[in-house]
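Take a look at the structure set out below.
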Protein chains: 2
Amino acid sequence: MPKRGMLIVLSGPSGVGKGTVRKAMFDQGGTDFQYSISMTTRQPRDGEQNGQDYFFVSKEEFEHKIATGGMLEYAKYVDNYYGTPLEYVQDTLASGKDVFLEIEVNGAMQVREKMPDGVFIFLTPPDLMALKQRLIGRGTESMAIINERIAQAENEIKMMRNYDYAVVNDQINLAVERIREIIRAERLRVPRVYPDYAQMLESKQVENVNSEN
Amino acid sequence: MPKRGMLIVLSGPSGVGKGTVRKAMFDQGGTDFQYSISMTTRQPRDGEQNGQDYFFVSKEEFEHKIATGGMLEYAKYVDNYYGTPLEYVQDTLASGKDVFLEIEVNGAMQVREKMPDGVFIFLTPPDLMALKQRLIGRGTESMAIINERIAQAENEIKMMRNYDYAVVNDQINLAVERIREIIRAERLRVPRVYPDYAQMLESKQVENVNSEN
């Protein structure tokens with residue numbers, strides 16, 4: 001039985017650049033993990049390929065999947081469904097390959113409930129840390145705008161607490177490299193490698209007993 | 001107040017090459033963390049410098065430190081004490097710098113009890129995973145030797161469970177790079193970065209209230 005793959009979830013606030021970072025990482029290559037393509041009921045846009053950008057399905061098909069527990073996570077925006085089919089993720093993990101999801105924060109929390117041993121990475125806007133300096137420094141914003149920005153930052157910071165790692169998206173290539181390092185380090189975590197060692201030893205002992213017969 | 005530094009502990013079975021890997025890492029440079037020098041009561045060997053290789057102290061001084069809670073961890077081998085002075089580690093962490101310890105497995109477990117939020121890395125011998133293949137493949141070892149090797153491997157594997165990461169020391173440079181990646185990834189862990197964000201926001205809100213006066 002191959003070692004089970006690892007689930008990696010990249011998420012973060014709307015507009016932080018999750019898709020851009022994910023695309024840059026896979027375009028660079030050297031990604032020895034599988035990107036899980038989302039499913040949607042919206043119409044393909046020009047140039048979008050079924051099975052590459054999305055799996056495009058009918059509303060009936062999507063709702064049937066939801067009803068039969070076939071979605072790992074999903075959400076409805078405007079009138080369209082978006083989500084991650086469970087079967088593909090499960091099959092890929094079972095084959096020993098790591099799976100990479102890039103999804104919205106609500107979806108990420110659904111996945112966290114179902115697969116708590118995944119690696120959950122929160123992409124943060126570069127200005128979250130510089131917020132204070134900026135707002136004070138400029139002194140041009142109205143109190144209303146400042147308060148709105150602070151409320152938004154508060155929400156984003158609270159979201160972060162549900163994740164394992166926080167990666168600042170200050171430069172796309174730096175963000176990609178940090179994500180790659182997190183994945184490489186996570187592969188060395190004892191709870192992930194220990195079963196291999198334990199199994200190796202067990203099978204050795206069986207061999208041993210046999211050789212004494 | 002600066003952000004508290006992170007404690008990194010490298011350990012592993014006797015003879016696995018902990019010292020060689022640690023030395024290679026610091027010789028390469030680019031280590032933005034502090035190596036914590038051990039204290040010992042043994043005599044300096046030729047070329048060993050006090051405060052560089054070890055802090056060389058008298059038996060009385062070492063035992064006084066133990067008695068007054070001044071050692072983070074220690075052990076006695078033959079007639080000599082070896083250990084890590086607590087004060088240096090605490091001061092360095094408090095100044096915001098990460099501290100790197102390279103110690104024996106018993107010492108690592110003492111540290112784990114006192115500083116459970118440290119990063120504990122277990123260096124494994126490269127042959128642990130190849131053990132089964134080797135023993136079966138050669139077919140030359142006596143059962144006594146095979147059983148001894150298996151018992152030893154079992155002990156080493158059990159030790160691993162008390163650590164966060166397992167790094168195979170197959171090639172020194174690869175082991176060093178894995179340790180560096182673990183450290184970089186650990187710095188992005190939410191429990192480590194979250195206090196910074198929370199504090200930033202809080203101080204912003206105080207500024208805000210003030211500016212309304």
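Every read-out reported here was derived from the displayed coordinates using simple, explicitly stated rules and does not represent laboratory data. Since we're looking at a predicted model, the values are computed, not measured. All Cβ positions, even for glycine, are placed from backbone atoms using ideal geometry, and neighbour counts span all protein chains on display.
Cβ-to-Cβ counts within 10 Å put A:S142, A:S11 in ascending order as A:S142, A:S11, the fewest first. Placing a label point 7 Å from Cα along the Cα-to-Cβ axis, A:S95 is separated from the same position in the other copies by 5.2 nm, shortest listed first. Contact order for chain A, expressed relative to its length and based on alpha carbon pairs under 8 Å spaced 6+ residues apart, stands at 28 percent.
Can you put B:I150, B:I121 in order of Cβ neighbours within 10 angstrom, beginning with the fewest?
Listed from fewest to most nearby Cβ atoms, that is B:I150, B:I121.
When both bridge partners sit in chain A, DSSP labels roughly 30% of those beta bridges antiparallel.
Centre-to-centre separation between the Cα atoms of region A:14-71 and those of region B:144-183: 39 Å.
Farthest toward the positive end of the dipole of region B:5-125, out of B:T31, B:V16, B:A94, is the Cα of B:V16, where the dipole comes from beta carbon charges about the Cα centre. Residues A:Y54, A:Y163, arranged from fewest to most other Cβ atoms within 10 angstrom of their Cβ, appear as A:Y54, A:Y163.
Amide H contacts of A:S38: A:F55, each under 5 Å away and 5 or more positions distant or on a separate chain (H built 1.01 Å from N in the peptide plane; Pro and chain starts excluded). In the assembly of identical copies, A:I66 has its label point, taken 7 Å from Cα in the direction of the beta carbon, separated from the corresponding points by 6.7 nm (ascending, one decimal).
Taking a point 7 Å from the Cα of A:Q43 along the Cα-to-Cβ direction, the residues of region A:58-82 with backbone N closer than 19 Å to it are A:58-62, A:77-82. Charged side chains reduced to their Cβ positions (Lys and Arg at +1, Asp and Glu at -1) give chain B a dipole of some 540 debye around its Cα centre. Of all residues in chain B, the one whose Cβ lies closest to the rotation axis carrying B onto A, together with that distance in whole Å, is B:A185, 2.
Taking amide hydrogens as placed 1.01 Å from N in the peptide plane, the amide H of B:E48 sits under 5 Å from that of no residue at least 5 positions away in sequence or on another chain.
Projecting 7 Å from Cα along the Cα-to-Cβ direction, the label point of B:D46 sits 7.9 nm from its equivalents in the other copies, listed shortest first. DSSP bridge analysis restricted to the protein assembly as shown gives an antiparallel fraction near 35%, rounded to the nearest 5.
Among residues other than B:G118 with Cβ under 11 Å from its Cβ, the summed charge is -3 (Lys and Arg +1, Asp and Glu -1).
For the protein assembly as shown, taking the reciprocal of the average inverse distance between every pair of different Cα atoms yields a Kirkwood hydrodynamic radius of 25.0 Å.
With an a/c value of 1.5 or above and a/b not larger than b/c for the gyration tensor axes a ≥ b ≥ c computed over the alpha-carbon atoms, chain B is described as oblate.
Under 25 °C and 0.890 mPa s, how fast does region A:1-97 diffuse according to Stokes-Einstein, given a Kirkwood radius computed over C-alpha pairs? Answer in µm²/s, whole number.
Diffusion coefficient, whole number: 165 µm²/s.
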